[in-house]
Amino acid sequence: MNIDFMSKRHYALVVSVTLLVVSVVSLVFFGINRGLGFTGGVLVEIGFESPVEPVEVRAILEQAGYENTVVQNLGSETEIVIRVPPGEDTSVDQSQVGDSIHSMLVERYASVDLRRSDYVGPAVGNELTEQGGLALLIALISVMIYIMFRFTGKFALGAVAALIHDVLIVVGIFSVFQWTFDLPELAALLAVIGYSLNDTIVVSDRIRENFRSIKRGTAIDVINRSLNQMLGRTLVTSLTTLLVLLALLIAGGEQLRGFASALTIGVIVGTYSSIYIAASMLVMLGIQGEDLAVPEKEGGDLVRR
């Protein structure tokens, strides 16, 4: 194949900048809908004998004083998941909220089964928020250091720019649609960093080898050739990964939907960024064959003499 990827890099830049601006604006003004793992609160799973509308359950809870609760179906119409934010009244034992909700629903419905009741305190939520952000920061710094030693500083800047681009867009989409962002989604975000990095390193390695072996042609020609050589491998890897994620989206249920959604978006954006962010950065930074020349061994001049 002979696709001129770099001739479209300016259009790709406009798309990327637009997505990044929308993501940053949404994060600044609307924030992210953090789950109970970060904010604290109570997660209750209830099973019913017959289908129940979440709206009815939410109305019952609001009448009992449970405001701002999130009520959703969990996999089927007979299963309900209830997320209760931490209460302002510190005298109330939050660990008993699940039993209280169960008792309340037993009075209104027949055969109500309390399947799960988990409580996460605010202190734990704040600690998870700090550790999650620190994990992302350490991952980005480690990647930059590794690629600087593995390749050159220009490749490192391109790889880190691609990773930041991927993370911001994934988190930005969750912010725009106000999807719940919890610990599984954070794990998916770290997996996206690993997936995007792997794709970027493979492409970068081919670009480096071609710069060393191809003596004629501009930097754009060498990068285009490298991208075309890796296109088949990239598409096969991305498509097979997306097939697995599609199965999770369809059959994984409510608990895995956020995780699978974050990974799906990340795989698509990561494949795109390996071509149009990491490779385009090399063109912007003026990469040349001299930057990737194999260093001569010490004393090589003396041996030739």
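Observations, loosely collected:
- Calculated from backbone phi, Karplus (6.51, -1.76, 1.60) coupling profile of the range 25-30 in Hz, x at Gly/Pro: 4, 5, 5, 6, 8, 10
- Gyration tensor analysis over the Cα atoms of the range 167-276 returns equivalent ellipsoid semi-axes of 33, 14, 10 Å (largest first, whole Å).
- Label zone at Met144, where the point sits 7 Å out along the Cα-to-Cβ direction: the range 199-214 residues whose backbone N lies under 19 Å: 200-201
- Here's the picture: charge each Lys and Arg Cβ at +1 and each Asp and Glu Cβ at -1 in the chain, and of Phe29, Ser261, Leu140 the one pushed furthest to the positive end of that dipole is Leu140.
- Charged-residue dipole, Cβ positions (Lys, Arg, Asp, Glu), the chain about Cα centre, Debye nearest 20: 2220 debye
- Ordered by 1.4 Å accessible area with all protein chains kept, Met284, Met148, Met230 run largest first as Met284, Met148, Met230.
- Where the alpha-carbon atoms of the range 1-66 are placed on the principal axes, they occupy 62, 32, 20 Å, in descending order.
- Segments 54-60, 36-42 sorted - mean Cβ within 10 Å per residue, highest first: 36-42, 54-60
- Percent accessible area from carbon and sulfur atoms, the chain, protein chains only, probe 1.4 Å: 62 percent
- Given charges at Cβ of Lys, Arg, Asp, Glu: the chain dipole, positive-most of Ala64, Ser196, Met281: Met281
- Our estimate of slack between Leu231 and Gln96, defined as 0.36 nm per intervening residue step minus the Cα-Cα distance, is 43.1 nm.
- Restricted to Cα atoms, the range 40-88 shows a radius of gyration and a Dmax of 10.7, 34 angstrom.
- For the range 86-242, accessible area per residue (1.4 Å probe, heavy atoms of protein chains only), Å²: 51 Å²
- Antiparallel content of DSSP bridges confined to the chain, in %, to 5: 90 percent
- Over the C-alpha atoms of the range 140-204, the Rg to Rh ratio, Rh being the Kirkwood estimate, stands at 1.05.
- Rg and Dmax of the chain, both derived from C-alpha coordinates alone, stand at 25.2, 97 Å.
- Rolling a 1.4 Å probe across all protein chains gives Val84 an accessible area of roughly 10 Å².
- Under a Gaussian network description of the chain, with springs only between Cα atoms under 10 Å, the residue in Leu183, Leu285, Leu140 that fluctuates furthest is Leu285.
- Choice from Ser117, Ser76, Ser226 with maximal GNM fluctuation in the chain (Cα, 10 Å cutoff): Ser76
- Here the spin labels are modelled as points 7 Å beyond Cα on the Cα-Cβ line, and at Ala64 and Arg108 they lie 0.8 nm apart.
The values are calculated or read from the model by the stated rules, or taken from the named source; none is laboratory data. Being a predicted model, the structure only gives us computed values, none of them experimental. Ideal geometry is used to build each Cβ from the backbone, glycine not excepted, and the neighbour counts take in all protein chains shown. Surface accessibility is based on the protein's heavy atoms, side chains included, excluding ligands, DNA and RNA. Shrake-Rupley method; radii C 1.70, N 1.55, O 1.52, S 1.80 Å.
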